[in-house]
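A quick write-up on the structure given underneath.
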Amino acid sequence: MPRRDNLLVFGGSASPQITAAICKQLGVRVGRCETRFFSEGNSFVRVGENVRGKDVFFIQSLSYPVNDHFMELLFFIDAFKRASAQSVTAVIPFFGYGKGDKKDEPRVSIRARVCADCLESAGVDRIVTMDLHAPQIQGFFRVPVDHLYALPVIAGYFRKKMRNSRDWVVVGPDVGAAGMANAYAHSFGAKTVIAEKQRIGHKEVAVVNRLIGYVAGKNALIVDDFTITGGTIFATAERLKQEGAKDVYAAVAHGVLGKGASQKLDASPVKELIITDTIEYRWEPLSKRVRVVSAAPLFAKAIRNIFDRTSVSALFTG
C-alpha cells in the first residue's frame, strides 16, 4: 500500500470550495499553489511545496472563464511533472467542452478531442470527471478515465420524497437523456418518460413536441447532465403540467445557470432544482428554488481508491 504522506491534493482557481470539501473528507490539507492572471491575459502558476515522488491530484472544473481555467489546468499538470511528481491525476468535476464531442456540421472542431490531446501532451496520467455530456469522450483519451455519476448524490436527496415510487415518473428531457432517466428510474423503482425535444441551430431555445409516457396525476423528476439557461428543463416542465403532472422537480449534475436562469426558474413550474457543487462561479444569486448537494464525498472516495490502488468502478453507479 502507498504511504499516506504521498497523497497530495491541490485545487485550481475554479474549484476552491469543492477542493476544501474533498480534502476534509480525505483528512488531508489542501496543497499550496498559486495562480496569477496578468493584465495582458497571460497566466502564471506555481506549486508551493515539494511534490517529488508524490501522487498528485489537481482539482479544476472547466467553468467560466472556461479557457482561462483550462490553460491553468494544463500549466499545473506541466508544473507537477517538471517537479518530478510520481503521478498527476486531473480531477475535472465539470468538463466544460463536453458538448464538443463530434463533427456534426461542416468545418467545425471536435473540441473535446482537442482538449483530450492537450491534457495528454501536458503529461496527465489519469482523468477523474463526472457526468460527461457525451460518455464516449472517455475514448478520446489514451490515459485512464474514471467517469463518475451524480446519481447516488442526487438520489439520496430524493429518496425521502419518493416513499411511494408509483406516484412518480423520471423524465428525460430529450432522447439523449433516456439512459440517464432510466438509471434514475431504476434506482427509485419508478417509470421513465421521455420528452421529444427540438432545437433549431445554436439558439438556446427548446421546443418539446410530445411526451413518450404517461404523466397525468404523477409527480415528475426531470434529470439531465447540465443546464445553462434552463430552457430545456423549463420547456419540459411546461409540457408535463399541460399533460396533467402534479409537482415537477428537476435535477442536474452541473448547474451552470447563466444570466437570467434564476428569473426563468422562478417563473417556471419547477418546484425545486437540485444541482451539485461542481461549479462555483455565479453570474447572479441562485434562486431560492435551487438546492445544492455536495459531490465532494464521491470525489473523495474516488481519489482514495485510486491512491490505494483499489477499484473505482463501484462508484460509477452508486
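Computed values, structure above
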read-out: Among (1) surrounded by 23 or more Cβ atoms within 10 Å (Cβ to Cβ); (2) hydrophobic (A, V, I, L, M, F, W, C); (3) over 28 Å from Ala206 (Cα atoms) - the single one Met130 does not satisfy; value: (3)
read-out: Any chance Thr229 is of a type in the set (S, T, N, Q), surrounded by fewer than 24 Cβ atoms within 10 Å (Cβ to Cβ) and out of contact with any His (no Cβ under 7 Å at 6 or more places or on another chain); value: yes
read-out: Ser15 vs. criteria hydroxyl-bearing (Ser, Thr, Tyr), at pLDDT below 95 and either within 20 Å of the chain's Cα centre (by Cα) or more than 25 Å from Ile306 (Cα to Cα) (or both); value: no
read-out: The stretch 62-84, residues that are closer than 15 Å to Leu119 by Cβ and in contact with a strand residue (DSSP E or B) (Cβ under 7 Å, 6 or more places away or on another chain); value: Leu62, Met71, Glu72, Leu73, Phe75, Phe76, Ile77, Ala79, Phe80, Lys81
read-out: Given (1) in contact with a Leu (Cβ under 7 Å, 6 or more places away or on another chain); (2) assigned to a loop (DSSP other than H, G, I, E, B), number of the condition Ala300 does not satisfy; value: (2)
read-out: Of all residues in the stretch 263-300 being in contact (Cβ under 8 Å) with a residue 24 or more places away in the chain and of a type in the set (D, E, K, R), the one that is farthest from Ser63 (Cα to Cα); value: Lys271
read-out: Selection count where residues are in contact (Cβ under 8 Å) with a residue 24 or more places away in the chain and in a helix (DSSP H, G or I), scope the stretch 226-262; value: 13
read-out: Tally of residues being closer than 15 Å to Phe94 by Cα, buried (at least 22 other Cβ atoms within 10 Å of the Cβ) and either β-branched (Val, Ile, Thr) or not assigned by TED's automatic domain parsing to the domain that holds Arg111 (or both) across the stretch 31-79; value: 1
read-out: First in the stretch 170-182 and buried (at least 22 other Cβ atoms within 10 Å of the Cβ) and in a helix (DSSP H, G or I), second anywhere and modelled with pLDDT of 90 or more and of a type in the set (S, T, N, Q), Cβ under 7 Å, 6 or more apart; value: Ala181/Thr192
read-out: The one condition in (1) touching a Pro at 6+ places or on another chain (Cβ under 7 Å); (2) surrounded by fewer than 23 Cβ atoms within 10 Å (Cβ to Cβ) that Pro269 fails to fulfil; value: (1)
read-out: Test result for Leu221, more than 30 Å from Ala116 (Cβ to Cβ) and touching a residue at least 40 places away in the same chain (Cβ under 8 Å); value: yes
read-out: Glu196 vs. criteria at pLDDT below 95, assigned to a strand (DSSP E or B) and either of a type in the set (D, E, K, R) or exposed (fewer than 14 other Cβ atoms within 10 Å of the Cβ) (or both); value: yes
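The values are calculated or read from the model by the stated rules, or taken from the named source; none is laboratory data. Because the structure is a prediction, the values reported are computed rather than measured. Here the Cβ is made from the backbone with ideal geometry for all residues, glycine too, and neighbour counts use every protein chain on show.
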